[in-house]
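Following: one structure in structure tokens, then a few remarks.
Values quoted throughout were computed directly from the atomic coordinates according to the rules given, and no laboratory measurement underlies them. Remember, predicted model here, so these are calculated numbers, not experimental data. No Cβ is skipped: glycine too gets one built from the backbone with ideal geometry, and neighbour counts run over all protein chains shown.
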Amino acid sequence: MGATKTMKQVNWAGRAYKKTQVNWAQSQADIYKMLGELGIYEIRFTNVKKQFALEFLVRLTEEEGEKPRGVRIVVPIQYDGENVDKRNQELNIIHRILLNHLKAKFVAIQSGLSEFEQEFMAHLVITDKNGNSTTMGEAMLPQYRKAIESGKGQDFNLLSEGKEER
């Protein structure tokens, strides 16, 4: 993968939640509560040193019946030091951002601005025939970036059929 692409930086976005005093555990509890109010109960947070993930299962009702959709949102943690206070402050910030990010998505869905799959497309979990799972974003973004960089149109492969790409 190439260099990280960034947008223009603006002060109001860079300062968002930097001084939050809300502990990250409270933000996680707020996320659980919000998802529960939406009828989403299969929820998991997974924490590792350099990232955490929020995963949940949404059961959408369609004409054919209930169709579950898995969502996995992986959030990188920038701070890599040993200072617990600095790490906790970063966790406070990114959990608060995630809470409000999710709120905005669900407001957009409930107001009719978009549909669930549109809002969560990059985070929808897909599984190949061998049981390996990834998200739509993880599967599609490298192909999309390659197509943009090459300037050539190409077909996109949603699943690798269990084979590693070269």
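So here's what we get for this one:
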quantity: Gyration tensor (alpha-carbon) shape descriptor, region 116-157, a/c threshold 1.5; calculated: oblate
quantity: Relative contact order (%) - criterion: Cα under 8 Å, at least six apart; region: the chain; calculated: 17
quantity: MRE, 222 nm, helices only [DSSP H, n ≥ 4, -39500 (n - 2.57), over the chain, to nearest 500]; calculated: -12500 deg cm²/dmol
quantity: Label selected from (i) 17.9, 52; (ii) 19.3, 63; (iii) 19.5, 81, the criterion being Rg and Dmax of the Cα atoms in Å as computed here; calculated: (i)
quantity: Inter-label distance, nm, simple model (7 Å from Cα along the C-beta direction), residue 23/residue 133; calculated: 3.0
quantity: With at most 15 other Cβ atoms within 10 Å, longest stretch of the chain clear of loop GluC sites (Glu not before Pro) (DSSP); calculated: 1-62
quantity: Projected label distance in nm at residue 149 and residue 12, using a 7 Å step from Cα toward the beta-carbon; calculated: 3.4
quantity: Label point 7 Å beyond Cα of residue 78 along Cβ direction - residues of region 6-33 with amide nitrogen under 16 Å; calculated: 6-20
quantity: Spatially proximal aspartates and glutamates relative to residue 49 (Cα-Cα < 15 Å; intrachain offsets below 8 disregarded); calculated: 80, 82, 85, 90
quantity: Over 25 Å (Cα to Cα) - which of 67/103; 67/146; 8/33; 18/103; 67/152; 105/152 fall in this group; calculated: 67/146; 8/33; 67/152; 105/152
quantity: Qualifying chymotrypsin sites (Phe, Trp or Tyr not before Pro) for region 38-86 [loop in DSSP, other Cβ within 10 Å: at most 12]; calculated: 41
quantity: Inter-label distance for residue 42 and residue 59, nm, one decimal - labels placed 7 Å from Cα along Cα-to-Cβ; calculated: 0.9
